[in-house]
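Engineer: I'd like to ask some things about the structure below.
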Amino acid sequence: MNEKIEEGKGKIKETVGKITDNERLEAKGKIEQKGAQAKEYIKDRADDTRQKATDSAEKTMNNLRRIH
């Protein structure tokens, strides 16, 4: 959720930069948006990996229980 707030702040800076013809502020806003998007992507991939590891461990444990 925090990434969405950061992305929103970046969008505001980008828009204000465009309106005021401030290229530096506009660029900073774009960078903040991309940074927030990257953080969100990494979190999602980490969650996916964690879930796959958990599923694999549960499957292994179930197979071991059947053997014994």
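The values are calculated or read from the model by the stated rules, or taken from the named source; none is laboratory data. Predicted model only: the values in this text are computed from it and were never measured. Backbone-built Cβ (ideal geometry, glycine too); neighbour counts: all protein chains shown.
Engineer: From GLN37, GLN51, grab the single residue that is over 21 Å from ASN2 (Cα atoms) and out of contact with any Leu (no Cβ under 7 Å at 6 or more places or on another chain). Spell out how you get there, then give the answer.
Structural biologist: Numbers: GLN37 fails: over 21 Å from ASN2 (Cα atoms).
Among GLN37, GLN51, only GLN51 is over 21 Å from ASN2 (Cα atoms) and out of contact with any Leu (no Cβ under 7 Å at 6 or more places or on another chain).
Engineer: Let me ask something else. Inspect segment 16-34 for any residue being part of a helix (DSSP H, G or I), touching a residue at least 40 places away in the same chain (Cβ under 8 Å) and of a type in the set (Asp, Glu) and give the result as yes or no.
Structural biologist: Within segment 16-34, the subset part of a helix (DSSP H, G or I) is 16-19, 23-34.
Next, from what is left, pick out any that are touching a residue at least 40 places away in the same chain (Cβ under 8 Å): none.
No, the conditions are met nowhere in segment 16-34.
Engineer: Name the single residue that is farthest from the chain's Cα centre (by Cα) among those in segment 13-30 being of a type in the set (A, V, I, L, M, F, W, C) and surrounded by 13 or more Cβ atoms within 10 Å (Cβ to Cβ).
Structural biologist: Going residue by residue through segment 13-30, those that are of a type in the set (A, V, I, L, M, F, W, C) are 16, 19, 25, 27.
Among the residues that remain, those that are also surrounded by 13 or more Cβ atoms within 10 Å (Cβ to Cβ) are: 16, 25, 27.
Numbers: VAL16: 24, LEU25: 23, ALA27: 20 Å.
Selected residue: VAL16.
Engineer: Same structure again: Cβ-Cβ distance below 8 Å, separation of 6 or more or different chains: which pairs start in segment 39-52 with a residue that is in contact (Cβ under 8 Å) with a residue 40 or more places away in the chain and under 23 Å from GLY8 (Cα atoms) and end on one that is of a type outside the set (Lys, Arg) and surrounded by 10 or more Cβ atoms within 10 Å (Cβ to Cβ)?
Structural biologist: Listed by first residue and then by second, the contacts come to LYS43/GLU3.
Engineer: So for segment 39-47 (the condition being surrounded by fewer than 16 Cβ atoms within 10 Å (Cβ to Cβ) and not in a helix (DSSP H, G or I)), does at least one residue qualify?
Structural biologist: No, segment 39-47 contains no residue that is surrounded by fewer than 16 Cβ atoms within 10 Å (Cβ to Cβ) and not in a helix (DSSP H, G or I).
Engineer: Continuing with this model, one more query. Just to check your reading of the model, which residue among GLU26, GLU3 is at pLDDT below 95, at negative phi and touching a helix residue (DSSP H, G or I) at 6+ places or on another chain (Cβ under 6 Å)?
Structural biologist: Numbers: GLU26 fails: at pLDDT below 95.
On inspection, the qualifying residue turns out to be GLU3.
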